[in-house]
Amino acid sequence: MRLFMLVTFILFSGKSAHSCEIRFNPPKVFVKYGGSAAASCYISQCNDIAGMGWESSFGGTGLKEGISTLNTTFDKVTDWNVDPKCFVSFLNDEQIPKKLPFTVYKIPDKVSMPKPKDPMRATYSYDLQCDVKDVAPANSLVISWYKGNKMFHEQNSTRQDRSPVDETFTTKLKVDVEDNGKEVWCEARLKFVPEGQSPPLNRSEIHVLKVFYPPAFAEPQNETLEKNAGSKISLNGTAEGNPTPIYSWHFKGPTQPEIQMENETGSILSLEFRNPGLYTCKASNVAGTTTKYFQVDTPTGDRTTFIAILVVFVVVGVLIFIGGIYMVKSTGTCALPKAGAGVI
């Protein structure tokens, strides 16, 4: 009988200890280094309780008897490794402790980004660097990278230090033509859960990207034109590039080699058309050279030539007609005048 009662007591006590729940309010505590915080520990479904208490280098209370809730304050916390515990003591001298999730943090003294390469080339990738000084804890540190008000990459620290550390992060940035003039920067923040407990983020200085790219013609297709000799022509080789392109024009006739046209350095070539052939516009900058071709020909059966031939035929016809009048007799016959004789 005594053995039965002893076993029952042990089982009952074990069940009580096992089912006893310790909870915290708030469930997690985040406190700035040197700052203060408060927390409450309470219990439920516990039997045969002797008392409860807090164990901590900041806010310890010792055993308090006859209670189910115990508040404490953590004043001026300067220990990076503090781990407060709430414990429950039972009448059989058993004790159950539970650790309060407790984070001591420090926002960075400085977040900086060294100046990126200047200038950059479109379609190339470049290294960006973000330096974070004196931040804790490292395992909550998140780095966000921004370009033109859009985040393009995010990194988490892999370190587990609870005391302040300096960290350097790098990432790759691929730039395109449209990135010229956009701003880039990095942000460092301590990400706590829930998010509402996170302290303000720190932002680095802002840098403006300078991206060089080769010229691109506003109308990239090559052109074929027909113009009458002597007419005015205007060939548009306008291109956009960074830095601003410089232009050169070249001409190649059907039977002559290509030559550079002197004093023609603008994006538009205007002249009186004389020579059919291939006109070439070259737009260049330090990032590259782009070429556009204009094939300019005279129309098949040029009207100028046709008109000239027509005029010749008309003049010849008129002369023949006038000559015929003098050579036709009144009888309707034609007689050639004899030498020394007049026309009858």
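The values are calculated or read from the model by the stated rules, or taken from the named source; none is laboratory data. Model, not experiment: these values are computed from the prediction. Note that we place each Cβ from the backbone using ideal geometry, even for glycine, and neighbour counts take in every protein chain shown.
General remarks:
- Counted residues, segment 201-236 - those being assigned to a loop (DSSP other than H, G, I, E, B), over 18 Å from the mean Cα position of the chain (by Cα) and modelled with pLDDT of 95 or more: 2
- Which listed residue, of T280, T255, is within 18 Å of E219 (Cβ to Cβ) and hydroxyl-bearing (S, T, Y): T280
- Looking at segment 101-142, the strands (runs of 3 or more DSSP E) lying wholly inside it that each contain 2 or more residues that are modelled with pLDDT of 95 or more, within 30 Å of A37 (Cα to Cα) and β-branched (V, I, T) sit at 102-105, 125-135.
- Residue in segment 157-164 that is assigned to a strand (DSSP E or B) and either in the same structural domain as V193 (by TED's automatic domain parsing) or at negative phi (or both) present: no
- Residue match in segment 59-73 (condition: over 17 Å from A37 (Cβ atoms), in contact with a helix residue (DSSP H, G or I) (Cβ under 9 Å, 6 or more places away or on another chain) and touching a residue at least 24 places away in the same chain (Cβ under 8 Å)): no
- Note on segment 75-110: residues that are surrounded by fewer than 16 Cβ atoms within 10 Å (Cβ to Cβ) and hydrophobic (A, V, I, L, M, F, W, C) total 1.
- Residue match in segment 2-16 (condition: at pLDDT 50 or above and surrounded by 13 or more Cβ atoms within 10 Å (Cβ to Cβ)): no
- The set of residues in segment 87-144 that are among the small types (G, A, S) and within 30 Å of I49 (Cβ to Cβ) contains only S89.
- Of the residues making up segment 75-99, those that are in contact with a Leu (Cβ under 9 Å, 6 or more places away or on another chain) and either outside the structural domain of S40 (by TED's automatic domain parsing) or not hydroxyl-bearing (S, T, Y) (or both) are D83, P84, K85, C86, F87.
- Within the span defined as segment 143-164, one or more residues are within 19 Å of L201 (Cβ to Cβ) and in contact with a His (Cβ under 6 Å, 6 or more places away or on another chain).
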